[in-house]
Structure formats: structure tokens, C-alpha cells
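No value in this document is a laboratory result; all are computed from the given coordinates. Remember, predicted model here, so these are calculated numbers, not experimental data. Cβ atoms come from the backbone with ideal geometry, glycine included; neighbour counts cover every protein chain shown.
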Amino acid sequence: MSEATNDSTVTPAPAPAPTPTLPPTATPSLTLPPTHTPSSTATATATATATATPLLIPVFVLASAVLLWVLFQSYSLFNERQALLAAAAQLAPQAETATKVRASIDSIAAGVKRLADGGNANARVIVDELARRGVTINPNSAPTGSATK
């Protein structure tokens, strides 16, 4: 037990390796600053291209997405317009018939109004009932014969 281990001893660090030096007869070559060397210009161009390329890809993808969205919207609107034109063409005969019926009813109402103004009691009841319901009669409407043509 008389031998004790001492862990607190410090081991010296190894000596650094000697750095190579130029022989005294060698002269350093003439070098240009890094901004004027052709290799650094190529590196700067490559760096600029490398930084521009990552931005180019997202911009291209975004522009493509916007273009596709505009084309899709145009296609959809064109199809909707064609559907509306087809529906309008299909409803045109019904609208023409409704216009004829309206003109016929207006001329009948104008005739009833003229009869009521002439003293007919039954016509007077009809005109009063229509007025009570908010229907106005234009007595200057076309005669009955022209609306049925």
C-alpha cells in the first residue's frame, strides 16, 4: 500500500510539427490580388449563377402555376359562357311566347278598363278588384285584335 498512484500529474502536450519554410534562395512569385485573377472572376460568376439559380426555380414554378391557373379559369369561363348561350337559345321561344301573352293580357285589361269607364258594372268590379290588388291598367294599350297576330 505504500505505492500510491497519482492521477493528478499533467502529461505535457506533444510539440507542434515544424512548419515548412522556403529555402533562402527561392523567391516568392508575383501574385495579383484575388479580385483580378481569372480564376476568382470565374468563381464570382459561378457564385452569382449559383445564387441566381435557386431563385430562378421557385420563380419559374410560381409563374407556371399562375399561367396554368389563368388558362384553367379561361377554359372554365368559356365553357360557362357556352352553356349560358345554349340556355338562352333554348329559352328564347318561351320568352317570345310570354311577351305575346303579356301583350294580349294588357290589351284585354285595356278593353275592360274602357268598358268600366263606359258604365259597365261588371267591368267596374273587375277594375276595382285589380286596383285593390295593386294592378294598374294602361287604357292606351293596343286593341285586342293586334295582340293576337
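Give the peptides 80-92, 110-122 in descending order of average Cβ contacts within 10 Å, highest first.
Ranking, from highest mean packing down: 110-122, 80-92.
Give the average over all directions of the projected area of the C-alpha convex hull of segment 55-147, one decimal, in nm².
10.7 nm²
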